[in-house]
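See structure below.
The values are calculated or read from the model by the stated rules, or taken from the named source; none is laboratory data. Keep in mind that this is a model prediction, so the values were computed, not measured. Backbone-built Cβ (ideal geometry, glycine too); neighbour counts: all protein chains shown. Side chains are part of the model used for accessible areas, which takes the heavy atoms of the whole protein and leaves out ligands, DNA and RNA. Shrake-Rupley method; radii C 1.70, N 1.55, O 1.52, S 1.80 Å.
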Amino acid sequence: MLHSMDDVNFKFKHVLVRVDFNVPLDSKQNITDDMRIIESLPTIDQIIDDGGIPIVLSHLGRPKGKINSKYSLDTVAHYLQKKFGYDVIFSQDCRGNKPQRAVNNAKPGDIVLLENLRFYEGETANDPEFAAELAELGDAYVNDAFGTVHRAHASIHALPKLFPGKSYAGKSLVYEIEYLNNALTEPRSPYIAVIGGAKISGKIEVIRSLINQCDTVIIGGGMMFNFLKAKGYNIGRSIFEEDKIELAADLIKFAEKKGVKLLLPEDVVVADRFSDDSDRNDVPSDKIPSDWIGMDIGPKTQELYRKEILGAKTIVWNGPMGVFEMPRFARGTRAVANSLANVTAKGATTILGGGDSAAAMSQMHLINKVTHVTPGGGAWLKYMEGGELPGISSLVI
């Protein structure tokens, strides 16, 4: 079982807190969505209220083991001070003398925020020496970053093991695991999964797992062309993964064997080039012109998927139906989003698996119209697959 931070008092303790402050930034380094910050504030507040000092660890972006000011957490430090009124001591490094000085200078009521962990290759390499260096800064460890628990990184996997009996799950992490377990262990039927996104790789096992669990699995996004090609259709210049065609065919057969509906698009929106101002057309899924590109599910498919979703009691969704970043090819994603909002209002349980699905719902101002949004698409997919989550297994006692 998880050892919750609610089981301990952190008075006089320096507590290493792994959060997910990997927030989206615009071209001027302004934070455009602070949901991930807000989710960890109750954990930070509880440590402060106990009389402890939170030493906050996070990554931002993908600096690939190199120091890059574009990905500095200094932006988040200023945001915490300006918007939420915290007294933040920002360490301009997460290694060496600077973090130790920041910790030594902190007093109860302060937050210490260390610089981006991914400025060093040791983080993503799960380097025990990197973890040991971080461990010297604290007396206990808390993980409050569900969106990262699928990664075997130093601050997520190696670090908590250096605090036997003193590694805890943060408030939002405990809530997330308990919510998903309660909602999906015995989901209300009909239970539907909507899976999209650009690639089928990384989602093979979760689709297989969902076929085992669901009444219907709906496929959209770029991955749909793997399935259409597996059926022998011409997909033109649409995106697909050559080495995953056989796996897509296997999933079609597996769904048939299990008696589960695996819904594929009946029609597709195609374009003569990958651009929002391209020529476009709606064509049957088996009639895609050889020199055109599939960009979205078509209007007949939108209606088919809408009816299926509106009849469900439990729906999980991960991945857009098309190139939703381009307004002319966002209609499929919008149709699914509106259907989820409508069925939620009728009492269904609707869960978004983070990532682009949440971004699409936010863009369409529907993010508050679903039951639950899970932070971190990758972690959600691994959870749905039933695979091991390194950030969870390292906390289990």
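Please report, in Å, the Rg and the Dmax of region 144-298, where both are computed over Cα atoms only.
Radius of gyration, then largest Cα-Cα span, for region 144-298: 19.8, 61 Å.
Taking every alpha carbon pair in region 236-370, what does the distance histogram look like in 10 angstrom bins from 0, in percent?
The percentages, shortest bin first, are 12, 36, 38, 14, 0.
222 nm [θ] for the chain, helices only, -39500 (n - 2.57) per DSSP H run of 4+, per residue, to 500? Let's see the in-between values first.
Values: 14 runs with 142 residues, N = 397.
Estimated from H runs of four or more residues: -10500 deg cm²/dmol.
Using 0.36 nm per residue of separation minus the Cα-Cα distance, give me the extension gain between Glu186 and Glu303 in nm, one decimal.
Extending this stretch completely gives an extra 39.3 nm.
If Rh is defined by the Kirkwood formula over all Cα pairs and Rg also comes from Cα, what ratio Rg/Rh do you get for region 313-397?
Numbers: Rg = 14.2 Å, Rh = 13.6 Å.
With Rh from the inverse mean 1/r over Cα pairs, Rg/Rh is 1.05.
Sort all Cα-Cα distances of the chain into consecutive 10 angstrom bins from zero, then give the percent of pairs in each bin up to the one containing the longest distance.
Calculated P(r), rounded to whole percents: 5, 22, 28, 23, 15, 6, 1.
Taking the Cα centre of each part, how many Å lie between region 129-166 and region 201-226?
33 Å
Below 8 Å between Cα atoms, with a sequence gap of 6+, how large is the relative contact order for the chain in percent?
Values: 865 pairs, mean separation 61.5, N = 397.
Answer for the chain is 16 percent.
Can you pull the one-decimal nm distance between simple spin-label points at Lys66 and Lys107, each 7 Å off the Cα toward Cβ?
4.2 nm
Please compare each pair in Lys257/Lys382; Lys161/Lys244; Lys66/Lys244; Lys257/Lys313 to a cut-off of 28 Å on the Cα-Cα distance and tell me which ones are over it. Kindly include the intermediate steps, with their values, before the conclusion.
On the way: Lys257/Lys382 24 Å; Lys161/Lys244 37 Å; Lys66/Lys244 33 Å; Lys257/Lys313 24 Å.
Over 28 Å apart, Cα to Cα: Lys161/Lys244; Lys66/Lys244.
Under the Kirkwood approximation applied to all pairs of distinct alpha-carbon atoms, what is the hydrodynamic radius of region 12-73 in Å? It would help to have the intermediate numbers written out before the result.
On the way: mean 1/r = 0.0771 Å⁻¹.
Taking every pair of different Cα atoms in region 12-73, averaging 1/r and inverting gives 13.0 Å.
How long is region 147-217 along each principal axis, judged by its Cα atoms, biggest number first, in Å?
In descending order, the Cα extents are 43, 28, 17 Å.
Over all Cα pairs of region 250-302, how is the pair count split among 5 Å bins, expressed in % and running from 0 up to the last occupied bin?
5, 22, 22, 15, 15, 11, 7, 4, 1
Report the extension gain between Ser278 and Lys346 in nm, rounded to one decimal, defined as 0.36 nm multiplied by the number of residues separating them, less their alpha carbon distance. Before the final figure, lay out the partial values.
Working: separation 68, 0.36 × 68 = 24.48 nm, distance 3.83 nm.
So the chain would gain 20.7 nm between Ser278 and Lys346.
Which log10 I(q)/I(0) values does region 201-272 give at q = 0.21 Å⁻¹ under the Debye formula, counting every alpha carbon as one identical point scatterer?
-0.89
Counting only residues 5 or more places away or on other chains, whose amide H sits under 5 Å from the amide H of Gly196 once H atoms are built in the peptide plane?
Amide H neighbours of Gly196, under 5 Å, 5+ apart: Gly220, Asn318, Gly319.
May I ask for the Kirkwood hydrodynamic radius of region 10-167, worked out over all distinct Cα pairs and given in angstroms to one decimal? Intermediate results must be reported in sequence, preceding the final value.
Details: mean 1/r = 0.0652 Å⁻¹.
Across region 10-167, the inverse of the average 1/r is 15.3 Å.
Compute the separation of the alpha-carbon centres of region 291-353 and region 354-397 and state it in Å as a whole number.
Comparing the Cα centres of region 291-353 and region 354-397, I get a distance of 17 Å.
Which lysines have a Cα lying under 16 Å from the Cα of Lys82, excluding residues fewer than 8 positions away in the same chain?
Cross-link targets: none qualify.
Roughly what % antiparallel, to the nearest 5, for the DSSP beta bridges in the chain? Don't skip to the answer; put the middle values down first.
Details: 11 of 49 bridges.
The antiparallel fraction comes to roughly 20 percent.
Can you tell me the Rg and Dmax of region 1-42, counting just the alpha carbons, in angstroms?
Values for region 1-42 (Cα only, Rg and Dmax): 14.6, 43 Å.
Heavy atoms of the protein only, probe of 1.4 Å, neighbouring chains included. What is the accessible area of Asp243 in Å², nearest 10?
Accessible area of Asp243: about 110 Å².
At a Förster radius of 35 Å, what calculated FRET efficiency corresponds to the Cβ-Cβ distance of Met326 and Ile38, to the nearest 0.05? Show your work: numbers first, answer last.
Details: r = 30 Å, r/R0 = 0.85.
E between Met326 and Ile38, to the nearest 0.05, is 0.75.
Would you be so kind as to identify which of Pro24, Phe10, Phe119 lies farthest towards the positive end of the dipole of region 1-132, taking Lys and Arg as +1 and Asp and Glu as -1 on Cβ and the Cα centre as origin?
Farthest towards the positive pole: Phe119.
How much FRET efficiency would the formula 1/(1 + (r/R0)^6) give for Ala125 and Ser201, where r is the Cβ-Cβ distance and R0 is 30 Å, rounded to 0.05? Show your work: numbers first, answer last.
Values: r = 22 Å, r/R0 = 0.75.
Taking R0 as 30 Å, the efficiency between Ala125 and Ser201 is 0.85.
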